[in-house]
Each structure stands twice: as C-alpha cells, then as structure tokens.
Amino acid sequence: MPDPVYKILYIDHTAQLSGAELALLNLIQHLDTSRFAPAVLLFTDGPLADQLRRAGIPVQILALDSEINNTTRHAAGKSSALKLGKLFKMLRFILKLRRAISESNPHIVHTNSLKADILGGIAGRLAGKPVIWHIHDRFTEDYLPRRVVKIMRRLLRVIPRAVIANSRATAETLLLHPAKPAIIADPGIDPLPLLPVPPPSPAPDTTVNSVRPSRRVIMVGRICPWKGQDIFIRAAALIHPQLPDVRFEIAGSALFGEHIYENQVRQLVQTLGLQNVVSFLGFRSDIPELLSQADLLVHASTTPEPFGQVIVQAMAAGKPVVATRGGGVPEIVLETKTGLLVPMGDPSAMAAAIITIMNNPDQAKAMGCAGELRFIENFTIQKTVQQVQSAYESLIRI
Ligand code: GLC
C-alpha cells in the first residue's frame, strides 16, 4: 500500500507578500506532494492568495474584521487593541475558524504569522488538530510590545505541539524549555530559477567617448522604519562625494500603513540633494534579476532582523553584502568572507563598509563567490523543506 498523503493546512493573517508570506509561498511550492497535500487559509484576500491559486494550491479566505486584522504588532500592545467589542468579534472568528478547520480536516495546522498563531492556533486546538507555530518574528521587547511578548511566550507553551523558528536568533527569544527546543528552518530559496540569469553587470562599453556605466548598490525590502531605508540614504550622502559613479536603488514599498515613513524617506532624498543618485524602484517581483545587475546588496535593519531572506537572495546571485549586525543576520553573513557587518543605525559605518567593497573589486568578487557557495551548502529551499517535513513526520508519528 502506498504511504498516505498528509494534509497540511497553512494559516496566515495577511495576503500581502511580506517576508514571512514569501517564505510560506516558497515552502509550499517545494513540498513533496507525494507525501504532503497543502491547503491555505488566509484572513484576507490579496497577492499571496493570487500566487497560490496560480500555483494550483487550494486557498480559502475567511475574512477577519479588517480593524482587527490590520492592527500592527506595535498597536497590539496598547489596551485599545483589546476592547470588549473586538474580543467578541475575535471569539466569533475563532469559532468560525474552528468550523473551517474541521471541514478541511487536515492532519496538521501550520500557522505562519503572529495573529494566525493565536487565532488559528486556538481554533486548531479546538478542532482537535496538532498545531505547529512557524515563527518569523523575534519575541523581544525591541521588536514587539512588552505585552505581546508576554502573551506570545505564554501561549507558546500551551498551544503548539511543535515550534519552527526561522533562525537561531529567533529561537533564542522564545525561551523554550531546553528539552523541547524549536526546530530551526532557515527560509531558503530555490537555486534553479537563478541559473539562466543575465551576466552580472552591463558589459563595459568600449566605444571611445563612452561614459563608464554606473555601479549599483541596492537595498531590497519592505519600506518601514525598522528596515532603515533612511540610514541607507544617509550613507549614500556620505559615499556620493567620494564615489560619484555609484547609484543607490531602493526596491520595495510600504505594505502595512507605513506610508508616512516612505514619504519621509523620499523627502530625505530631496533634502540631501540625492535625486539623481538614489532611485525608488517600488515593489518588484524580479528581485533575482535586480540583484544580478547590482554590485552590492545593503541590508540596513535598525532592530535585529529575525532572519533576512534578501541576504540569501544576494548570496545566491553571487553578490557581496553589507548588513547590520543583529538577529539572524550574522548566521547568514560570514564577516569579511561573504560580506561586511556594521552596527545598526550607523550611516558612517555603513558608508565606510560600502566604500571598502566598492574600492576593492577583487575582494567584492571573492565575497560574492564565497556567498554563492555558502548559499548552496546552507540556504536552499530544499533544505528548509526537509527540516519542515521532518517536523511534520515526527508530529504524525506521535
Ligand atoms: C519575517 C522576518 C524576516 C524573515 C522572514 C522569513 O519577515 O521579519 O527577517 O526573513 O520573516 O522568515
């Protein structure tokens, strides 16, 4: 008799393509479908749902009151987040969710975001299903409000049967009992789509009066205060007088109501007179191509980044990285071998590191090559899938 196929129901509160949701999409698309059948439940419709449908993965939308669903993790620390009316709506939602889970009848409920961990976790338990919490956020007070940290750490001990963390740094913040640690599954990426990329930089133009093609330093990610686009721009202002041929690109957009910050960042470019030097590329789905055309990736988070998928993407594209030292980042970047690490929130240190790499093309190339090797050995999606699937197997065996 063939082995049974186990159904996994993934739950996430958002359908925006933010880091954790991109990681989820990637994971689901690489599952061994001869053993695991994925289905996804989201609390809202949107780009993630579209991509899943296009990939032929069943998606169900169970709409959560948008006022609750759009509460940011920062606002969740304020007492207004827990008003009676909202609590009532949440309870009703949990009951609906429990019914949806029972109808879907999965072997495992896999929750992928904080709101899904709580609401999907409780509903999953009420439906009598084992729950896995997949944690992409650090449970610390520099990242989440103190109240949320407390609640999450408590629930962590009672709701999930198993916990997956996206880095050792994230796992350390969970304070789990050493006898029952989190499973670490770094969110990897697929090496295959990267094979046919165009040559790294535009071929040098050898015609007589040619202008040297400008070099590109790129930052990729959601535009929001803690991702540090402002620090990147301040570093650009320090670099520009010394390396006038270097251009700075910002790929990404404000996803969760952080438009005020985006406007401030655009204003900063004007104030510093960098309009011809810094460009905003908006949300892009061709990140591998953008990276392959860049000379260097900068990662500027000002609070410790839980993991930092874009760094892995840059390594896969064979590019050196300048990144801020915090959270999961030092687990990815090998200092001086695949990139340079700088303190968080320090434009001068960032500028110095960028200048060092831009002034040493041989070192930059060596870092890019070392990064690519490190990616192949440690950060492929195939490795992530293996770790997650073995978590499923051990849960099913219990
Ligand atoms: C979240 C984290 C980010 C991580 C991603 C995938 O978006 O903020 O650091 O790379 O999840 O785990």
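The values are calculated or read from the model by the stated rules, or taken from the named source; none is laboratory data. Please read these numbers as outputs of a predicted model, since none were measured by experiment. Using ideal geometry, Cβ is built from the backbone for each residue, glycine included, and neighbour counts are taken over all protein chains shown.
Computed values, structure above
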{"quantity": "Output for segment 98-123, where each listed residue is of a type outside the set (A, V, I, L, M, F, W, C) and free of Cβ contacts under 8 Å to residues at least 40 places away in the same chain", "calculated": "ARG98, ARG99, SER102, GLU103, GLY121"}
{"quantity": "Considering residues of segment 331-341 that are touching a strand residue (DSSP E or B) at 6+ places or on another chain (Cβ under 6 Å) and in contact (Cβ under 8 Å) with a residue 12 or more places away in the chain only, the residue surrounded by the fewest Cβ atoms within 10 Å (Cβ to Cβ)", "calculated": "LEU341"}
{"quantity": "Filter result (surrounded by fewer than 20 Cβ atoms within 10 Å (Cβ to Cβ) and within 16 Å of the ligand (Cβ to nearest atom)) within segment 27-45", "calculated": "GLN29, HIS30"}
{"quantity": "Single residue of segment 342-398 satisfying the filter (closer than 21 Å to ARG325 by Cβ and polar (S, T, N, Q)) that is nearest to the chain's Cα centre (by Cα)", "calculated": "ASN378"}
{"quantity": "LEU95 touching an Asp or Glu at 6+ places or on another chain (Cβ under 7 Å), at pLDDT 95 or above and farther than 25 Å from LEU175 by Cα", "calculated": "no"}
{"quantity": "Residue in segment 260-267 that is outside any helix (DSSP H, G or I) and out of contact with any Leu (no Cβ under 7 Å at 6 or more places or on another chain) present", "calculated": "no"}
{"quantity": "Output for segment 241-291, where each listed residue is touching a helix residue (DSSP H, G or I) at 6+ places or on another chain (Cβ under 7 Å) and free of Cβ contacts under 8 Å to residues at least 12 places away in the same chain", "calculated": "GLN275"}
{"quantity": "Test: residue in segment 355-374 that is of a type in the set (S, T, N, Q) and part of a loop (DSSP other than H, G, I, E, B)", "calculated": "yes"}
{"quantity": "Looking only at segment 281-298, and only at residues there that are within 19 Å of GLN16 (Cα to Cα) and of a type in the set (D, E, K, R), the one that is farthest from the ligand (Cβ to nearest atom)", "calculated": "ASP286"}
{"quantity": "Some residue of segment 231-250 being small (Gly, Ala, Ser) and more than 15 Å from VAL217 (Cα to Cα)", "calculated": "no"}
{"quantity": "Residue under evaluation VAL278, criteria (1) within 17 Å of SER253 (Cβ to Cβ); (2) within 15 Å of the ligand (Cβ to nearest atom), criterion not met", "calculated": "(2)"}
{"quantity": "Among the candidates VAL329, VAL322, residue that is within 18 Å of the chain's Cα centre (by Cα) and within 16 Å of the ligand (Cβ to nearest atom)", "calculated": "VAL329"}
{"quantity": "Residues of segment 218-249 that turn out to be over 18 Å from MET344 (Cβ atoms) and not small (Gly, Ala, Ser), as a count", "calculated": "12"}
{"quantity": "Yes/no for LEU290 being surrounded by fewer than 22 Cβ atoms within 10 Å (Cβ to Cβ) and closer than 16 Å to GLU249 by Cα", "calculated": "yes"}
{"quantity": "Check on SER301, among the hydroxyl-bearing types (Ser, Thr, Tyr), within 15 Å of the ligand (Cβ to nearest atom) and touching a Lys or Arg at 6+ places or on another chain (Cβ under 8 Å)", "calculated": "yes"}
{"quantity": "Yes/no for ILE135 being of a type in the set (A, V, I, L, M) and surrounded by 24 or more Cβ atoms within 10 Å (Cβ to Cβ)", "calculated": "yes"}
{"quantity": "Segment 1-26, subset more than 10 Å from the ligand (Cβ to nearest atom) and aliphatic (A, V, I, L, M), residue modelled with the lowest pLDDT", "calculated": "MET1"}
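This table checks each residue for (1) closer than 20 Å to ILE231 by Cβ; (2) touching a His at 6+ places or on another chain (Cβ under 9 Å); (3) not in a strand (DSSP E or B).
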residue	(1), (2), (3)
GLN270	yes, no, yes
ASN276	no, no, yes
LEU297	yes, no, no
SER301	yes, no, yes
VAL312	no, no, yes
MET315	no, no, yes
VAL322	yes, yes, no
GLY327	yes, no, yes
PRO330	yes, no, yes
